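Step one of this worksheet: look at the structure below.
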Amino acid sequence: MEHRDLSEADPEVHEALENEMERQEKEGLEMIASENFVPKQILQAQGSILTNKYAEGYPGKRYYAGCKYHDEIEDLARDRAREIFGAYHVNVQPHSGSQANFAAYFSVLEAGDKILGPVLSHGGHLTHGHHVNFSGELFDFDTYSINEETERFEKEDIIKAAKEHDPDLIVCGYSAYPRKINFSAFREAANEADAILMCDIAHISGLVAAGEHPSPFPECDIVTTTTHKSIRGARGGMILCKEEYGDQVDKALFPFSQGGPLMHQIAGKAVCFREAMKPEFKDYAKQIKKNTKALAEGLRREDLKMVSGGTDNHLVLVDLREEEVTGKEAEEALEDVNIIVNKNMVPHDPESPRITSGIRIGTPALTTRGMEEDMLEKIGEMIGKVVNSPEDEALKDEVHENVSELLEEFELYENSGVRY
Ligand SMILES: *Cc1c(COP(=O)(O)O)cnc(C)c1O
């Protein structure tokens, strides 16, 4: 076998990677709420020789020989996650958040069982019952809604929906909800229906890990997450649960829904959890929340409305229903000035999911880059100005210039030895 540097062995892939490095560093203020930048030590674990080996099964119970070091690594990941989240049992093998949800549902349900989930345009994920997803196809979903007045999930509404629909499982946790989740309200609702309570903390797991969002335990029975959003780790998923669900969760993941684990990704998760236990990560999570509040302040100054009026976490959802622009147009105008956000449905959205009347804006990635409140407030104002006058080219040139200066000032991987 011949070992060559990627630049020689595959110039096409190499060039695309070089270009992507340039894009991440210089070509956009990354404000997609689900994205982040991982440190070099995580990239190193992911790009490792662990990719060479099959390790079907779990530590101490593998279906292949030679898994001694794989066991060590998976145990490190599991033990660290257990400690961080106060969970009894952890499965770090899901290839993604969606895979984690698939296995979590099937650990306690059969196809056709009833799940109560959020109305999808009120913040839910595809795996919470969308008809184009396995969840909508295989389970019988009913929904609970955001409160018309407060634009939050309120206890009375959840309990009412649980009584009315009598689900086998209730799912909480969202992709576009700017407020704290009230786990005790969901527990009461689950008790009313004698249902299992599952929470999907894909977006907020970094805040939960740092104690900056309440823990889903002990109220929730099963908790799923991604490991690459606010927790800033290797791309993948994870399931955490109470003791009584441990065996079922493991079986539903392997062999029911996956084969061999991606051990290089699991090594990246282990390194991520070590990072997340440090005081510096707690400071990072605190800064995310401060930055998002500052961003909201900047948007408010430009008279933009936000769903629920503001934020308790890492994101805001701008409600454009009363504005001239749609979500799609706002996303495009912002992309013109190198501010990267995504269009998103808002509650009671009159537009289709391809157009929408909202934009979702998050701060985890910019907080990783080192930006603080003064910058985020300024960025909020810039976003507000562009959304209010998307055709004003002089304004857009000026904002574009300001964005380039910020990207220059807050470097990402430069001088860190990271190539890609
Ligand atoms: C991102 C997300 C997921 C899915 O994660 P993938 O790794 O993209 O499959 C699941 N649930 C919620 C709430 C999410 O935001």
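Going by what's in this entry, would R152 be described as at pLDDT 95 or above, in contact with a Ser or Thr (Cβ under 6 Å, 6 or more places away or on another chain) and open to solvent by 50 Å² or more (accessible area, probe 1.4 Å)? Step through it out loud before you land on a result.
Numbers: at pLDDT 95 or above: yes; in contact with a Ser or Thr (Cβ under 6 Å, 6 or more places away or on another chain): yes; open to solvent by 50 Å² or more (accessible area, probe 1.4 Å): yes.
It is true that R152 is at pLDDT 95 or above, in contact with a Ser or Thr (Cβ under 6 Å, 6 or more places away or on another chain) and open to solvent by 50 Å² or more (accessible area, probe 1.4 Å).
Quick grid of which residues meet (1) touching a helix residue (DSSP H, G or I) at 6+ places or on another chain (Cβ under 8 Å); (2) at pLDDT 95 or above; (3) surrounded by fewer than 14 Cβ atoms within 10 Å (Cβ to Cβ):
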residue: E12; (1), (2), (3): no, yes, yes
residue: E15; (1), (2), (3): no, yes, yes
residue: R23; (1), (2), (3): no, no, yes
residue: K26; (1), (2), (3): yes, no, no
residue: E30; (1), (2), (3): yes, yes, no
residue: I42; (1), (2), (3): yes, yes, no
residue: T51; (1), (2), (3): yes, yes, yes
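Could you say whether any residue in region 177-195 is in contact (Cβ under 8 Å) with a residue 40 or more places away in the chain, over 26 Å from M277 (Cβ atoms), assigned to a helix (DSSP H, G or I) and within 16 Å of the ligand (Cβ to nearest atom)?
So far as region 177-195 goes, no, none of its residues is in contact (Cβ under 8 Å) with a residue 40 or more places away in the chain, over 26 Å from M277 (Cβ atoms), assigned to a helix (DSSP H, G or I) and within 16 Å of the ligand (Cβ to nearest atom).
Might you check whether a residue that is touching a residue at least 24 places away in the same chain (Cβ under 8 Å) and within 15 Å of S230 (Cβ to Cβ) occurs anywhere in region 246-266?
The answer is no, given that none of the residues of region 246-266 is touching a residue at least 24 places away in the same chain (Cβ under 8 Å) and within 15 Å of S230 (Cβ to Cβ).
Can you tell me how many residues within region 54-76 are farther than 15 Å from D250 by Cα and not charged (D, E, K, R)? Write out each step before concluding.
First, pick out the residues of region 54-76 that are farther than 15 Å from D250 by Cα: 54, 64-73, 76.
Keeping just the survivors that are not charged (D, E, K, R) gives 54, 64-67, 69-70, 73, 76.
The number of residues fulfilling the criteria is 9.
Among residues belonging to region 98-132 that are polar (S, T, N, Q) and under 18 Å from the mean Cα position of the chain (by Cα), point out the one that is surrounded by the most Cβ atoms within 10 Å (Cβ to Cβ). Show your work before the answer.
Step one: of region 98-132, the residues polar (S, T, N, Q) are 98-99, 101, 107, 121, 127.
Still in the running and under 18 Å from the mean Cα position of the chain (by Cα): 98-99, 101, 121, 127.
Numbers: S98: 19, Q99: 20, N101: 28, S121: 19, T127: 25.
So, considering only residues that are polar (S, T, N, Q) and under 18 Å from the mean Cα position of the chain (by Cα), the one surrounded by the most Cβ atoms within 10 Å (Cβ to Cβ) is N101.
Restricting attention to region 236-273, which residues are within 19 Å of the chain's Cα centre (by Cα) and either open to solvent by 10 Å² or more (accessible area, probe 1.4 Å) or among the hydroxyl-bearing types (S, T, Y) (or both)?
Result: Q265, V271.
Restricting the search to region 81-122, which residues are part of a strand (DSSP E or B) and within 16 Å of the ligand (Cβ to nearest atom)? Walk me through how you get there before you give the answer.
Initial filter on region 81-122 (part of a strand (DSSP E or B)): 89-91, 114-118.
Once the filter is applied, which keeps residues that are part of a strand (DSSP E or B) and within 16 Å of the ligand (Cβ to nearest atom), region 81-122 yields N91, I115, L116, G117, P118.
Would a scan of region 239-252 turn up a residue that is touching a His at 6+ places or on another chain (Cβ under 6 Å), of a type outside the set (F, W, Y) and more than 16 Å from V208 (Cβ to Cβ)? Step through it out loud before you land on a result.
Pass one, region 239-252, residues touching a His at 6+ places or on another chain (Cβ under 6 Å): 241, 246.
From what's left, of a type outside the set (F, W, Y): 241, 246.
Going one step further and asking which of them are more than 16 Å from V208 (Cβ to Cβ), we end up with 246.
Yes, because at least one residue in region 239-252 is touching a His at 6+ places or on another chain (Cβ under 6 Å), of a type outside the set (F, W, Y) and more than 16 Å from V208 (Cβ to Cβ).
Only one of I231, I222, I201, I159 is within 24 Å of K114 (Cα to Cα), buried (at least 24 other Cβ atoms within 10 Å of the Cβ) and more than 10 Å from the ligand (Cβ to nearest atom). Can you tell me which? Full working, then the answer.
Values: I231 fails: within 24 Å of K114 (Cα to Cα); I201 fails: more than 10 Å from the ligand (Cβ to nearest atom); I159 fails: buried (at least 24 other Cβ atoms within 10 Å of the Cβ).
None of the others qualify; the one that does is I222.
Being of a type in the set (S, T, N, Q), closer than 21 Å to V208 by Cβ and open to solvent by less than 10 Å² (accessible area, probe 1.4 Å) narrows it down to one of T356, T292, so name that one. Steps first, please.
Details: T356 fails: closer than 21 Å to V208 by Cβ.
Of T356, T292, the one residue that is of a type in the set (S, T, N, Q), closer than 21 Å to V208 by Cβ and open to solvent by less than 10 Å² (accessible area, probe 1.4 Å) is T292.
If you scan region 362-420, which residues turn out to be at pLDDT below 95 and in contact with a Pro (Cβ under 9 Å, 6 or more places away or on another chain)?
The answer is S416, V418.
Out of curiosity, is A55 without any contact (Cβ under 8 Å) to a residue 40 or more places away in the chain and farther than 26 Å from F281 by Cβ? Quick ask: steps written out before the conclusion?
Working: without any contact (Cβ under 8 Å) to a residue 40 or more places away in the chain: no; farther than 26 Å from F281 by Cβ: yes.
No.
How do the pairs read when you match residues in region 116-130 that are closer than 16 Å to V346 by Cα with residues anywhere that are acidic (D, E), using Cβ under 6 Å and keeping only pairs 6 or more apart or on different chains?
S121/D349
The values are calculated or read from the model by the stated rules, or taken from the named source; none is laboratory data. None of the values given here were measured: they were computed from a predicted structure. Please note: Cβ atoms are built from the backbone with ideal geometry, for glycine as well, and neighbour counts cover all protein chains shown. Note: areas computed on protein heavy atoms with side chains; ligands, DNA, RNA excluded. Shrake-Rupley method; radii C 1.70, N 1.55, O 1.52, S 1.80 Å.
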